[in-house]
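Participant: Mind having a look at this structure? Questions to follow.
The values are calculated or read from the model by the stated rules, or taken from the named source; none is laboratory data. Just so you know, these numbers come straight off a predicted model, no measurement behind them. When we count neighbours, we look across all protein chains shown, and the Cβ atoms used for this are built from the backbone with ideal geometry, even at glycine. Only protein heavy atoms, including side chains, enter the accessible area calculation; ligands, DNA and RNA are left aside. Shrake-Rupley method; radii C 1.70, N 1.55, O 1.52, S 1.80 Å.
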Amino acid sequence: LPNKLKVLIISDAEADKSAGAMNVNIGSLSDPNDFPGLAHFCEHMLFMGTEKYPKEDEYSEFLNNNSGSYNAYTDLDVTNYYFEISNEAFEEALDRFAQFFLNPLFISDVVEREMKAVDSENKKNLQNDIWRFLQLQRSETNPNSAFNKFSTGNLETLNKPHIRDALLEMHGKLYSSNLMSLCILSNKSLEESEKLVDSLFKDVRLIEGLDRPKYDGVPAYDQNNSGYFYKVAPVKDSDKLVFYWFINEDTSKYYKVKPFNYLSSLFGHEGPSSLCSSLVKDDLISELVAGHDEIAN
């Protein structure tokens with residue numbers, strides 16, 4: 001679009017439902033240090049009323065009444081919002097969806113109540129071994145690294161004076177149209193969908209000079225905090241030995257050859273003479289898994 005918002009339009013005349021998703025290149029790594037979990041909280045609050053549709057349950061009520069569903073998630077460097085709905089109600093749903101990125105209200109009364117929903121989500125994660133181990137990794141990184149974050153947020157990190165001002169500032173300063181990518185699918189023609197998207201999203205604000213955040217200033221791990229062995233007491237009764245190698249490099253430039261896929265296949269191979277087959281044969285392991293993550297490139 002003229003405001004640099006990227007759009008992918010899919011037309012399927014036989015589609016049973018219509019759907020939309022918006023990806024914003026802002027995630028928990030952009031949390032201010034004094035408000036851990038703010039990006040996640042902002043995600044929650046965008047569902048809770050806009051200038052055009054001020055009723056806090058307007059969006060959810062409309063989707064529920066039209067065979068729809070919705071959700072969102074906040075990752076390290078992206079926040080994603082998505083929904084599906086009956087074809088007949090798609091235009092109205094997309095209008096409500098667009099308001100998230102135009103004029104959210106961040107109603108004060110709702111701010112206080114929704115904090116408790118975020119806190120409840122975090123309490124649930126406390127009994128999840130994957131979340132516990134991930135937070136251990138983050139907490140052990142260099143203190144000045146962008147990765148050294150508590151991304152979920154809870155009442156302790158969010159229930160502070162001026163939290164609403166912080167929400168308004170994050171949305172106002174970072175939710176820029178050039179950092180957004182929209183995808184829609186419907187039974188409408190491409191021409192119809194293009195006109196619809198243009199009318200609803202052309203006014204999403206472009207912040208001149210704002211680029212996608214870079215996180216390569218301070219490496220998460222260096223010689224001062226690597227080479228350690230941690231013994232973790234799990235919630236579930238399980239025995240695992242996990243090795244991590246951290247490589248501080250933008251791996252996206254290797255997308256054509258994917259060397260880490262090759263290494264993962266070598267380590268995780270289960271055929272004859274493999275590391276896995278040898279350890280299973282000696283009754284030392286039950287399985288071996290190898291893989292890689294590309295974080296905030």
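Participant: Only one of these is open to solvent by 70 Å² or more (accessible area, probe 1.4 Å), in contact (Cβ under 8 Å) with a residue 24 or more places away in the chain and in a helix (DSSP H, G or I): E114, E91. Name it.
Facilitator: E91
Participant: Something else now. Please work out which residue is farthest from T152 (Cα to Cα), limiting yourself to segment 118-141 and to residues that are aliphatic (A, V, I, L, M) and surrounded by 13 or more Cβ atoms within 10 Å (Cβ to Cβ).
Facilitator: L134
Participant: Related question: Within the bounds of segment 46-65, is there any residue that is out of contact with any strand residue (DSSP E or B) (no Cβ under 6 Å at 6 or more places or on another chain), more than 30 Å from S145 (Cβ to Cβ) and among the basic types (K, R)?
Facilitator: There is at least one residue in segment 46-65 that is out of contact with any strand residue (DSSP E or B) (no Cβ under 6 Å at 6 or more places or on another chain), more than 30 Å from S145 (Cβ to Cβ) and among the basic types (K, R).
Participant: Every residue in segment 211-231 that is crowded, with 16+ Cβ neighbours inside 10 Å and either touching a helix residue (DSSP H, G or I) at 6+ places or on another chain (Cβ under 8 Å) or among the acidic types (D, E) (or both), please.
Facilitator: Passing the criteria: only Y215.
Participant: Then there's this: Within segment 56-73, does at least one residue satisfy the condition of being part of a helix (DSSP H, G or I), acidic (D, E) and within 21 Å of L168 (Cα to Cα)?
Facilitator: Yes, there is a match, as at least one residue in segment 56-73 is part of a helix (DSSP H, G or I), acidic (D, E) and within 21 Å of L168 (Cα to Cα).
Participant: Here's another thing I want to ask about it. Take the residues in segment 232-251 that are in a loop (DSSP other than H, G, I, E, B) and open to solvent by less than 90 Å² (accessible area, probe 1.4 Å), then tell me which one is nearest to S176 (Cα to Cα).
Facilitator: Filtering first and then ranking leaves D250.
Participant: Residues to consider are S264, S277; find the one that is over 26 Å from L136 (Cα atoms), in a helix (DSSP H, G or I), open to solvent by less than 80 Å² (accessible area, probe 1.4 Å) and not acidic (D, E).
Facilitator: Of the residues listed, the single one that is over 26 Å from L136 (Cα atoms), in a helix (DSSP H, G or I), open to solvent by less than 80 Å² (accessible area, probe 1.4 Å) and not acidic (D, E) is S277.
Participant: Same structure, new question: Kindly indicate whether any position in segment 199-209 is in contact with a helix residue (DSSP H, G or I) (Cβ under 8 Å, 6 or more places away or on another chain), free of Cβ contacts under 8 Å to residues at least 40 places away in the same chain and within 25 Å of K6 (Cα to Cα).
Facilitator: Within segment 199-209, one or more residues are in contact with a helix residue (DSSP H, G or I) (Cβ under 8 Å, 6 or more places away or on another chain), free of Cβ contacts under 8 Å to residues at least 40 places away in the same chain and within 25 Å of K6 (Cα to Cα).
Participant: If you go through segment 167-184 one residue at a time, do you hit one that is touching a strand residue (DSSP E or B) at 6+ places or on another chain (Cβ under 8 Å) and either open to solvent by 30 Å² or more (accessible area, probe 1.4 Å) or more than 18 Å from N80 (Cβ to Cβ) (or both)?
Facilitator: Yes, segment 167-184 contains at least one residue that is touching a strand residue (DSSP E or B) at 6+ places or on another chain (Cβ under 8 Å) and either open to solvent by 30 Å² or more (accessible area, probe 1.4 Å) or more than 18 Å from N80 (Cβ to Cβ) (or both).
Participant: Determine if segment 196-207 includes at least one residue that is outside any loop (DSSP other than H, G, I, E, B), open to solvent by less than 80 Å² (accessible area, probe 1.4 Å), charged (D, E, K, R) and at pLDDT 90 or above.
Facilitator: For segment 196-207, residues outside any loop (DSSP other than H, G, I, E, B), open to solvent by less than 80 Å² (accessible area, probe 1.4 Å), charged (D, E, K, R) and at pLDDT 90 or above: present.
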